[in-house]
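My questions all concern the structure below.
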Amino acid sequence: MSRVILSRVTLSRVTLSRVTLSRVTLSRVTLSGVTLSGVTLSGVTLSGVTLSRTTLSRVTMSRVTRSRVILSRVTLSRVTLSRTTLSRVILSLVTLSRVTLSRITLSGVTLSRVMLSRVTLSRVTLSRVTLSRVMLSRVTLSRVILSRVTLSRVTLSRVTLSRVTLSRVTLSRVTLSRTTLSRVTMSRVTLSRVILSRVTLSRVTLSRTTLSRVILSLVTLSRVTLSRITLSRVPLS
């Protein structure tokens, strides 16, 4: 499909296999019970789109713009997103497995009850993003910028953070297990009720950070800079 405009369309119980979408505009489209397999999207604009109970498998998205998109009970498997902009996107009850995100911009995005497994994030910018009840497993974050992000009830397991910048970030009820943080900069970050277990921090800078009710267990600190830090009820084990 090339140079197609779909407006106010409802697709229910549809299967798309080995489909290429190029220069397509989707506006006010509802996808329910849809399976997308082996699909390539290039130069696609999604506006006011709702995906419910949808499965995306082996999907490649390049230069895709998403505005006001709602994803509910969606499974993404072996999906590649490249040079994609997501604005005002709501992800609820979503499972991401073996997903690669490269050069992605997330703005005004809400993630609720989301599970990410074997996900790679490279050169990603997250601004005004809310993550609630999110589980990240075997995730690699490289050259990621987090600005005005709220993390609540998030579990990170076997996660690698490299060259990550966190600015004005709030972490509440977060668990980090077997995680490596390398060359991470945290500025104006609030950590509340955070558990760090078997975590390695290397070349990390903390500036104007508040840590409250934080548990540190089997943590390795290497070349860490602490500036204007407030520690409250922090047990070190």
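The values are calculated or read from the model by the stated rules, or taken from the named source; none is laboratory data. None of these values were measured; they are calculated from a predicted model. Cβ sites come from the backbone with ideal geometry, for glycine too, and all protein chains shown count toward neighbours.
Report, by residue number, each residue of the stretch 163-176 that is within 22 Å of LEU116 (Cα to Cα) and either surrounded by fewer than 17 Cβ atoms within 10 Å (Cβ to Cβ) or among the aliphatic types (A, V, I, L, M) (or both).
Across the stretch 163-176, the qualifying residues are ARG163, VAL164, LEU166, VAL169, LEU171, ARG173, VAL174, LEU176.
Looking only at residues that are assigned to a loop (DSSP other than H, G, I, E, B) and closer than 12 Å to ARG203 by Cβ in the stretch 219-237, which one is nearest to the chain's Cα centre (by Cα)?
VAL224
What number of residues in the stretch 178-190 are under 23 Å from ARG118 (Cα atoms), buried (at least 17 other Cβ atoms within 10 Å of the Cβ) and of a type outside the set (A, V, I, L, M, F, W, C)?
Residues flagged as under 23 Å from ARG118 (Cα atoms), buried (at least 17 other Cβ atoms within 10 Å of the Cβ) and of a type outside the set (A, V, I, L, M, F, W, C) within the stretch 178-190 amount to 3.
If you go through the stretch 28-37 one residue at a time, do you hit one that is surrounded by 21 or more Cβ atoms within 10 Å (Cβ to Cβ) and outside any strand (DSSP E or B)?
Within the stretch 28-37 (the criterion being surrounded by 21 or more Cβ atoms within 10 Å (Cβ to Cβ) and outside any strand (DSSP E or B)), the answer is no, since none of the residues qualifies.
Among the small types (Gly, Ala, Ser) and farther than 26 Å from SER142 by Cβ - does that describe any residue in the stretch 70-89?
Checked the stretch 70-89: at least one residue is among the small types (Gly, Ala, Ser) and farther than 26 Å from SER142 by Cβ.
When both residues are 6+ apart or on different chains and their Cβ atoms are under 6 Å apart, which pairs have a first residue that lies in the stretch 214-237 and is of a type in the set (Ser, Thr, Tyr), and a second that is surrounded by 14 or more Cβ atoms within 10 Å (Cβ to Cβ)?
Listed by first residue and then by second, the contacts come to SER217/SER197; THR220/THR200; SER222/SER202; THR225/THR205; SER227/SER207; THR230/THR210; SER232/SER212.
Could we say that ARG63 is at pLDDT 80 or above, under 17 Å from the mean Cα position of the chain (by Cα) and closer than 23 Å to ARG143 by Cα here?
no
Let me ask something else about it. Just need a number here: residues in the stretch 7-27 that are at pLDDT 75 or above, loosely packed, with under 15 Cβ neighbours inside 10 Å and of a type in the set (A, V, I, L, M).
The total comes to 1.
Any residue that is farther than 25 Å from LEU126 by Cβ and surrounded by fewer than 19 Cβ atoms within 10 Å (Cβ to Cβ) - is there at least one of those in the stretch 58-74?
Scanning the stretch 58-74, I find at least one residue that is farther than 25 Å from LEU126 by Cβ and surrounded by fewer than 19 Cβ atoms within 10 Å (Cβ to Cβ), so the answer is yes.
Does the stretch 178-186 contain any residue that is out of contact with any Leu (no Cβ under 8 Å at 6 or more places or on another chain), modelled with pLDDT of 85 or more and among the basic types (Lys, Arg)?
yes
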